[in-house]
Amino acid sequence: SREVSLKGEAFLKVAKGSRFDVKTEDGVITVLGTQFNVKQRKNFFEVICYEGKVAVTHNSNTIKLLPGDSFLLLDGKLITTEKENQSIPSWLQNQSRFRSLPYREVIAEFERQHNVFISLENIDDSQLFTGSFTHNDIEIALKSITLPLHLTYSKTDNIITLKRE
């Protein structure tokens, strides 16, 4: 059998053959030949199937995903999501994309991608955000996560403060 342990995020293209398992803290993904993305963070576990079929096992329950299907566990709760219409994960195109996710998830990913610390002032980090930001240009990325919510930002070294206008 083929098996890997994962902490973080990975896009896998698995050749057909014997069983292949990806083990994370939140669940096990079993495949036979497919393309899928696994993102495992603190209180966040997501699997998106891009080709073939995968089975996600979490807390003894198994869910089978077909192309475009996803499994999202946020703060321990299973979240229903729309069909995925992209052919590859956004991070392979140097972007992070979000659909109706709490703003704190956007901030956490922004900090990870741009190696900064973000401080929020008078901002509800549970509000839902839909949008994306680039990994290539921090100024454009900051505008992408602040303008839609009418926020302003200031930078001091690698600390960024976001405020409500």
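The values are calculated or read from the model by the stated rules, or taken from the named source; none is laboratory data. Quantities reported herein were computed from a predicted structural model and do not represent experimental measurements. Quick reminder, even Gly has a Cβ in these numbers, built from the backbone with ideal geometry, and neighbours come from all protein chains shown. Only protein heavy atoms, including side chains, enter the accessible area calculation; ligands, DNA and RNA are left aside. Shrake-Rupley method; radii C 1.70, N 1.55, O 1.52, S 1.80 Å.
Brief remarks on what is shown
- Per-residue ³J(HN,Hα) for segment 43-60, Karplus 6.51 cos²θ - 1.76 cosθ + 1.60, θ = phi - 60°, Hz, x for Gly and Pro: 6, 8, 9, 9, 10, 10, 8, 9, 7, x, 8, 10, 10, 10, 10, 9, 6, 6
- Residues whose amide H lies under 5 Å from that of V116, counting only those 5 or more places away or on a different chain, are absent; hydrogens are built 1.01 Å from N in the peptide plane.
- Cα-based shape type of segment 1-77, given that a ≥ b ≥ c are square roots of the gyration tensor eigenvalues and the cut on a/c is 1.5: prolate
- Cβ-based net charge around E121, under 13 Å, with every Lys or Arg adding one and every Asp or Glu removing one: -1
- GluC sites (Glu not before Pro) within segment 16-91, DSSP loop, no more than 12 other Cβ atoms inside 10 Å: E25, E82
- Three-way shape call for the chain based on the alpha-carbon gyration tensor, with the a/c threshold at 1.5: prolate
- Normalised contact order of segment 7-165, rounded percent, pairs of Cα under 8 Å and 6 or more residues apart: 13
- Summing +1 for each Lys or Arg and -1 for each Asp or Glu among the other residues whose beta-carbon sits under 13 angstrom from that of K143 gives -1.
- Qualifying trypsin sites (Lys or Arg not before Pro) in segment 1-109, where qualification requires a DSSP coil assignment and no more than 15 other C-beta atoms within 10 Å, comprise K7, K16, R19, K42, K83.
- Crossing angle, helix 103-114 versus the chain [Cα axis fit, 0-90 degrees, rounded to tens]: 90
- Only Cα sites of segment 122-165 enter the Debye sum here, all with the same form factor; the resulting log10 I(q)/I(0) across q = 0.16, 0.21, 0.33 1/Å is -0.43, -0.74, -1.30, listed in q order.
- Protein accessible area in the chain, 1.4 Å probe - carbon and sulfur %: 47
- 222 nm mean residue ellipticity, helices alone, for the chain (DSSP H n ≥ 4; -39,500 (n - 2.57); rounded to 500): -4000 deg cm²/dmol
- Overall form of segment 88-165: oblate. Here a/c, set by the Cα gyration tensor axes a ≥ b ≥ c, is 1.5 or more, and a/b is not larger than b/c.
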